[in-house]
Amino acid sequence: MPTFVPRLNHLAEWKQDLVIAFGTWVLGVLVYVSGMQVLLAGPDETPLWIRLSELTVLCGLEMLRRKIPLALICALAVLAVDVAFGPSLPILIVFTDFLYATTLYGSRRTSRLMIGVAAIGTIAVVCLALIFSAQWRTAVLAAFALLPFLVTPVWWAANVRQQRDIAESERANAVQLATIGELDRKAAVAGERSKMARDLHDVIAGHLSAIAIQSEAALSMATADPKLSRKVLESVRENSVSALDEMRAMIGLLRADPSTGDTEIEPTAPARLAELSKLVESARASGLEVEIGSVPDQSPHLPAAVDLTAYRIAQEALTNAAKHAAGGRAVLDIRADGGILTVEVRNDLRPGSGSGDDGGTGLGLLNMRERAAAVGGTLAAGPSGGGWLVRAELPLEGS
């Protein structure tokens, strides 16, 4: 479809020029037939067929009025012939349209040149009238009678061109704003998709990893202590229910209608450090010996985003520790000092267990770093003192 737009525009311009040419020709013929074409004193002795021939040629050139400067040069030639026989009103009126078209459709440089030509032509017309007229008053009146034919079309076309340029500039700005808005929308969608992927990984992968580890432990101790086996199975069930609840909540949010505020499923409250005991019990049920160093008071004023981020980082770190150092020992330490909430998870490394997260390149570490960065914090993970240390520093102010 866009391929045909220039052709349609060209056809519309051609039809417009044809209507202008035919209309001016008809009006010019009427003026000549009525004898109103005389500009100077005395009768017009030029034969009518010559006048009509001049008019026909000039109106035919109207079809080329957008061809700058060819149309203006040809029109000047016809005007010179008309002046040689004695200037006539129809030719002068039609010629003003060529001045208008040259100023409007010519290049920016040509348009400025036409304004200068109009100014110089005004002075020249007044001077010539004073030179060739016997009475200066008559010369001035004649000059001012001719000036509108020179000044008005150029002034009018310059104003139309200015308004057209302003409109084109506004359209270009609107297109740019629309493009920027579309890019912002795509960036926002990409950001939301990334956050959704991170949340899905943290919620589902953490619970499923714990279920897998705990199920394996339950199978290995089938003939062992029944109480311990029951405790492990209870933890498996708790992780399964939690994963389902959080998945249902996320699906409810994704299927919500933002225009009405209706949701199909009531979302659950986000996990917080107040629920850390469940996380520790799940890790212990996976066979990991977890020692809690310190945990700050949850009651007062921990920002919700920092609270959730700290919980997810601790969850991912303990899940990785249970996965790569099963049966080992981990120390969880959370403290708030100087406006910084520090989360540390240190665990033993067994020979050949790797770095704790698929060689340090898994999604777990990436998601933890992204979560910390999202609240203005930092996260470091790596070997430390014969074990593996995950340390996150999250600012409490301005989160």
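The values are calculated or read from the model by the stated rules, or taken from the named source; none is laboratory data. These numbers come from a predicted model, not from an experiment. Here Cβ is always computed from backbone atoms with ideal geometry, including for glycine, and neighbour counts include all displayed protein chains.
The set of residues in segment 65-112 that are under 18 Å from W155 (Cβ atoms) and of a type in the set (S, T, N, Q) comprises T96, T102, T103, T110, S111.
Considering every residue within segment 389-396, establish whether at least one is modelled with pLDDT under 80 and more than 15 Å from L276 (Cβ to Cβ). No, there is no match, as no residue in segment 389-396 is modelled with pLDDT under 80 and more than 15 Å from L276 (Cβ to Cβ).
Are any residues in segment 309-341 farther than 20 Å from S384 by Cα and either surrounded by fewer than 19 Cβ atoms within 10 Å (Cβ to Cβ) or among the β-branched types (V, I, T) (or both), and if so, which ones? Break it down stepwise before answering.
Step one: list which residues in segment 309-341 are farther than 20 Å from S384 by Cα, which gives 309-312, 336-341.
Result: T309, A336, D337, G338, G339, I340.
Among residues that are over 18 Å from W14 (Cα atoms), surrounded by 15 or more Cβ atoms within 10 Å (Cβ to Cβ) and in contact (Cβ under 8 Å) with a residue 24 or more places away in the chain, F98 is not included. For V117, the requirement of being part of a helix (DSSP H, G or I), within 23 Å of I20 (Cα to Cα), of a type outside the set (D, E) and in the same structural domain as D165 (by TED's automatic domain parsing) is not met. Selection of segment 285-307 for residues being among the small types (G, A, S), in contact with a helix residue (DSSP H, G or I) (Cβ under 9 Å, 6 or more places away or on another chain) and modelled with pLDDT of 60 or more yields A285, S286, G287, A305.
Among the residues of segment 329-375, those identified as polar (S, T, N, Q) and modelled with pLDDT of 85 or more are T342, N347. The set of residues in segment 263-284 being of a type in the set (V, I, T) and at pLDDT below 75 consists of T263, I265, T268.
Consider segment 374-388 and keep the residues that are outside any loop (DSSP other than H, G, I, E, B) and within 42 Å of the chain's Cα centre (by Cα). The one that is farthest from L332 (Cα to Cα) is A374. Restricting K186, K195 to residues that are of a type in the set (K, R) and either modelled with pLDDT of 80 or more or in contact with a strand residue (DSSP E or B) (Cβ under 6 Å, 6 or more places away or on another chain) (or both) narrows the list to K186.
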